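Asks: Here's a structure for you.
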Amino acid sequence: MEELLAASAETAMNEICRRAIREGASDIHIEPGRNDVRVRFRRDGLLEERFLLPKHMAEKLSVRCKVMGRMNVAETRVPQDGSTLFSDGDGEYDLRLSVLPSIYGETIVVRILSGQVDFIERHQLGMLPVQESLFLRCLEGRSGLILTTGPTGSGKTSTLYTALKLLNRPEVNIISVEDPVEYRIGGITQVAVNEKAGLTFASGLRALVRQDPDILMIGEIRDRETAEMAVHAALTGHLVLSSLHTNNASQAPLRLMDMGVPAYLLAAALSLVISQRLVRCLCPHCRRQEGSYFQADGCEYCDGTGRRGRTGIFELLEVTGAVREQIRHTAPPSELHRSMKESGQPDMAEAARTAAEEGRIAASDAAWIAGEAEENAGGS
Ligand SMILES: [Zn+2]
């Protein structure tokens, strides 16, 4: 803190970024107020206050941020954004910077895009053994469409990156089109969507297919054109990975049909639909068993919160035999859900309950997931 006060804006900004990276934060918020500048870090999805800096630092920090992000330094009245690569000893981090004029000065938000490195490197998504073996088996397929689904912030991208890391071998050509590229993987050709320059998911994908890929990753299917191309690529000998914004696995086929993909093509192309949520883990240092579940009251290791890190909770719908027929006949999601359970795969609510019984997550979080799953099923 003292060193931050005495430092130049450049040193202070570097130190703030370095600390955020070391603490595993995903975002830095620098917010000028009436009397001071508040610095908060987002970690495991939650904002935490880190420093209060003197008011006079606000302008210097916003100038420094604009220099880092190659923005117009003289402009203070309109929002701006930029990006930079930041080196911190053991790694290079992609920082997305944005400044927004507010009444007490410019608010700065820095997104640390390689922040999920640990999550991906450890291969610890949080799948149950029966889910992980199905996931790995489907990745071995030479063609077909694998989808991850869930709301924003449910960890879909981390799952896709984990899959790519598992598939990354010298003998296969892997190409991705993403918006933005959040995590760089050596040996994979990654293309960033640039709507302003006319490079959309659809146009990027069209170009990608001409580059003789074995495996394609499409960050997200948002429109009919992208959906059709993903299905076509999956049917012509490519393994295609993508994400879709739906609440659960059994709703995904219908969502793609709503976008205009014919049921018979989808039935032939789909191989696996994953749905997921991200939940905070119980702190492994202070959790203790109470009945069939666990409690954590907080300790030094978890800053007194009882939670440390996050885990994914999953459900996996494998598209084979019966499910394929159901999709071909546009069966309602409830029937796909029943087939999933009959195949021995737990649904989201069961997976959450198991995670709570193992002490990975709190019983209250498991109950929340189960309630949400029931609500989503009712709405389908
Ligand atoms: Zn603890």
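The values are calculated or read from the model by the stated rules, or taken from the named source; none is laboratory data. If you're wondering where the values come from, they're calculated on a predicted model, not measured in any experiment. Every residue, glycine among them, receives a Cβ derived from its backbone with ideal geometry; neighbour counts consider all protein chains shown. All accessible areas refer to the heavy atoms of the entire protein, side chains included, with ligands and DNA or RNA removed. Shrake-Rupley method; radii C 1.70, N 1.55, O 1.52, S 1.80 Å.
Asks: Set Lys and Arg Cβ to +1 and Asp and Glu Cβ to -1, take the dipole of the chain about its Cα centre, and tell me which of Thr107, Leu265, Met229 lies farthest positive.
Replies: So the residue we want is Thr107.
Asks: Could I ask something else about it? Would you mind checking the radius of gyration and Dmax of the stretch 279-380 based on alpha-carbon positions, in Å?
Replies: 16.9, 55
Asks: With +1 on each Lys and Arg Cβ and -1 on each Asp and Glu Cβ, how big is the dipole of the stretch 49-94 about its Cα centre, in debye rounded to the nearest 20?
Replies: 380 debye
Asks: For the ranges 239-252, 149-162, what's the packing order if you count other beta-carbon atoms within 10 Å of each residue, average per peptide, and put the highest first?
Replies: Ranking the peptides 239-252, 149-162 by packing returns 239-252, 149-162.
Asks: If the cut-off is a Cα-Cα distance under 22 Å, which lysines reach Lys165, setting aside same-chain residues fewer than 8 apart in sequence?
Replies: Result set, ordered by chain and number: Lys156.
Asks: While we're looking at this one, here's another question. Once every DSSP H run of n ≥ 4 in the chain is given -39500 (n - 2.57) and the sum is divided by its residues, what mean residue ellipticity at 222 nm do you get, rounded to the nearest 500 deg cm²/dmol?
Replies: It comes out at -10500 deg cm²/dmol, rounded to the nearest 500.
Asks: Follow-up. Heavy-atom accessible area per residue, the chain, 1.4 Å probe: how many Å²?
Replies: Value for the chain: 46 Å² per residue.
Asks: Which percent of the accessible area of the chain is formed by carbon and sulfur heavy atoms (probe 1.4 angstrom)?
Replies: 48 percent
Asks: Residue separation times 0.36 nm, minus the C-alpha to C-alpha distance between Glu75 and Tyr104: what's the value?
Replies: 8.9 nm
Asks: At what distance in nm do the modelled label points of Glu23 and Glu171 sit from each other, each positioned 7 Å from its Cα along Cα→Cβ?
Replies: 4.7 nm
Asks: Hey, in the GNM for the chain with a 10 angstrom Cα cutoff, which one of Arg34, Arg222, Arg43 fluctuates hardest?
Replies: Checking each option, the largest mean-square fluctuation is seen for Arg34.
Asks: Given R₀ = 35 Å, FRET efficiency for Ser133-Val209 by Cβ-Cβ distance, to 0.05?
Replies: After rounding, the FRET efficiency stands at 0.70.
Asks: How would the stretch 247-297 be classified by its alpha-carbon gyration tensor: rounded, prolate or oblate, with rounded meaning a/c under 1.5 and the a/b versus b/c comparison settling the rest?
Replies: Prolate is the answer for the stretch 247-297, as a/c is 1.5 or above and a/b outweighs b/c.
Asks: Using a 1.4 Å probe and counting only protein heavy atoms, arrange Cys299, Cys283 so the residue with the most accessible area comes first.
Replies: Descending order: Cys299, Cys283.
Asks: Once amide H atoms are placed 1.01 Å from N in the peptide plane, what residues at a sequence separation of 5 or more from Asp88, or on another chain, have their amide H within under 5 Å of its amide H?
Replies: Correct list: Tyr93.
Asks: Considering the dipole of the chain built from charges on the beta carbon (Lys and Arg +1, Asp and Glu -1) around the Cα centre, which of Ala362, Pro79, Met348 is farthest to its positive end?
Replies: Sorting the options by dipole projection puts first Pro79.
Asks: Within 13 Å, Cβ to Cβ, of Glu372, how many net charges do the neighbouring residues add up to if Lys/Arg are +1 and Asp/Glu are -1?
Replies: -4
Asks: Right, another one. Given axes a ≥ b ≥ c from the Cα gyration tensor, I'd like to know whether the stretch 127-251 is rounded (a/c under 1.5), prolate (a/b larger than b/c) or oblate.
Replies: Rounded.
Asks: Would you be so kind as to identify all helices of the chain, as entire DSSP H runs, whose Cα atoms reach 24 Å or more along the helix's own axis and whose mean Kyte-Doolittle hydropathy is at least -1.0?
Replies: Result, helices passing both filters: zero.
Asks: Under 4.7 Å Cβ to Cβ, no partner at all: give me those cysteines from the chain, in residue order.
Replies: Taking the Cβ cut-off of 4.7 Å, the unpaired cysteines of the chain are Cys17, Cys65, Cys138, Cys281.
Asks: Based on the Cβ-Cβ distance of Leu85 and Leu5, what FRET efficiency does E = 1/(1 + (r/R0)^6) give at R0 = 35 Å, to the nearest 0.05?
Replies: It comes to 0.80.
Asks: Still on this structure: Cross-link partners among aspartates and glutamates for Lys196, C-alpha distance below 13 Å, same-chain residues fewer than 8 apart left out?
Replies: Within the straight-line limit of under 13 Å, Lys196 reaches these aspartates and glutamates: Asp179.
Asks: Using a cut-off of 20 Å between alpha-carbon atoms, which lysines can reach Lys66, once sequence neighbours fewer than 8 places away in the same chain are excluded?
Replies: Lys55
Asks: Okay, next question. Apply 1/(1 + (r/R0)^6) to the Cβ-Cβ distance of Asn35 and Glu195, taking R0 = 45 Å, and write down the FRET efficiency to the nearest 0.05.
Replies: E between Asn35 and Glu195, to the nearest 0.05, is 0.65.
Asks: Quick check for me: using +1 on Lys/Arg Cβ and -1 on Asp/Glu Cβ, what's the dipole size of the chain about its Cα centre, in debye to the nearest 20?
Replies: About 400 debye.
Asks: Could I have the simple spin-label model distance between Thr236 and Gln124, label points 7 Å from Cα toward Cβ, reported in nm to one decimal?
Replies: Between Thr236 and Gln124, the label points sit 4.2 nm apart.
Asks: Could you work out the relative contact order of the chain, using alpha carbon pairs under 8 angstrom and six or more residues apart, expressed as a whole percent?
Replies: It comes to 12 percent, rounded to a whole number.
Asks: Nearest-5 percent of antiparallel DSSP beta bridges in the chain?
Replies: Given both bridge residues lie in the chain, the antiparallel proportion sits at roughly 70 percent.
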